[in-house]
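**Student:** Next up is a structure, given as structure tokens.
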């Protein structure tokens, strides 16, 4: 079976790795410093793809948020999360198998994430199949981040491939918009952090995959 794409680019949180519980744990650590109660695991999953600030805000009623310095809270979040980045983070079912299949078929791949670069590198380094990813583009690698297309285009330049021949896989509408802005085909990862009230069909993805086996079929490889 020949591949349909020269390269595959992935989002990280909610796409390659299930990071929500450690993000929630770090959120609850910071909230405890302000005598706030913890958010639930379900809430952590709901906001995990939206970044640290959204996670922190999820634990504080909207009418009280003006009282808080969320930039200060973000800076309190970072060192705790750095130390506990893979306590409960794990592969989604099929992550390792797909990465191994890409390697077997000689298809290059990269990660383009909304996570800061140093945290993305740290968490990926904790997992054998992901520890040797050569191209990792974080939210602070460039002056702009998703849905701006430049992080994806930058990854393509690093891989020496044309964007139009690439597939970008993510679980957030921001990922789909970034992929289209970069003239790539896109696949929506239904196993990710898609909220119950969201309607994936309006995200506009070229493909929708319920699991990694379906994604492999979209790429044109077998697991």
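The values are calculated or read from the model by the stated rules, or taken from the named source; none is laboratory data. The structure presented is a predicted model; accordingly, all values stated were derived computationally and were not measured. Glycine also receives a Cβ, built like all others from the backbone with ideal geometry; neighbour counts cover every protein chain displayed.
**Student:** Quickly run through region 193-214 and pick out the residues that are over 16 Å from the mean Cα position of the chain (by Cα) and in a helix (DSSP H, G or I).
**Tutor:** 200, 201, 202, 213, 214
**Student:** Just to be sure, is residue 119 crowded, with 19+ Cβ neighbours inside 10 Å, under 25 Å from residue 216 (Cα atoms) and modelled with pLDDT of 95 or more?
**Tutor:** no
**Student:** State whether one or more residues within region 136-150 are under 16 Å from the mean Cα position of the chain (by Cα) and part of a helix (DSSP H, G or I).
**Tutor:** Checked against the condition, which is being under 16 Å from the mean Cα position of the chain (by Cα) and part of a helix (DSSP H, G or I), region 136-150 yields no hits at all.
**Student:** Specify which of the listed residues (27, 43) is touching a helix residue (DSSP H, G or I) at 6+ places or on another chain (Cβ under 8 Å), in a helix (DSSP H, G or I) and free of Cβ contacts under 8 Å to residues at least 24 places away in the same chain.
**Tutor:** 43
**Student:** Follow-up question, since we're still on this one. Among the residues of region 122-135 satisfying the criterion of being part of a helix (DSSP H, G or I) and out of contact with any strand residue (DSSP E or B) (no Cβ under 9 Å at 6 or more places or on another chain), which is surrounded by the most Cβ atoms within 10 Å (Cβ to Cβ)?
**Tutor:** 122
**Student:** State all residues of region 172-203 that are out of contact with any strand residue (DSSP E or B) (no Cβ under 8 Å at 6 or more places or on another chain), modelled with pLDDT of 95 or more and surrounded by fewer than 18 Cβ atoms within 10 Å (Cβ to Cβ); if no residue qualifies, say none.
**Tutor:** Of everything in region 172-203, those that are out of contact with any strand residue (DSSP E or B) (no Cβ under 8 Å at 6 or more places or on another chain), modelled with pLDDT of 95 or more and surrounded by fewer than 18 Cβ atoms within 10 Å (Cβ to Cβ) turn out to be 181, 183.
**Student:** Any residue in region 179-192 that is closer than 19 Å to residue 113 by Cα, within 14 Å of the chain's Cα centre (by Cα) and in a helix (DSSP H, G or I)?
**Tutor:** Taking every residue of region 179-192 in turn, at least one turns out to be closer than 19 Å to residue 113 by Cα, within 14 Å of the chain's Cα centre (by Cα) and in a helix (DSSP H, G or I).
**Student:** Another question, then. Can you say whether residue 192 is without any contact (Cβ under 8 Å) to a residue 60 or more places away in the chain and either within 22 Å of residue 81 (Cα to Cα) or not assigned by TED's automatic domain parsing to the domain that holds residue 78 (or both), as far as the supplied structure shows?
**Tutor:** The answer is no for residue 192.
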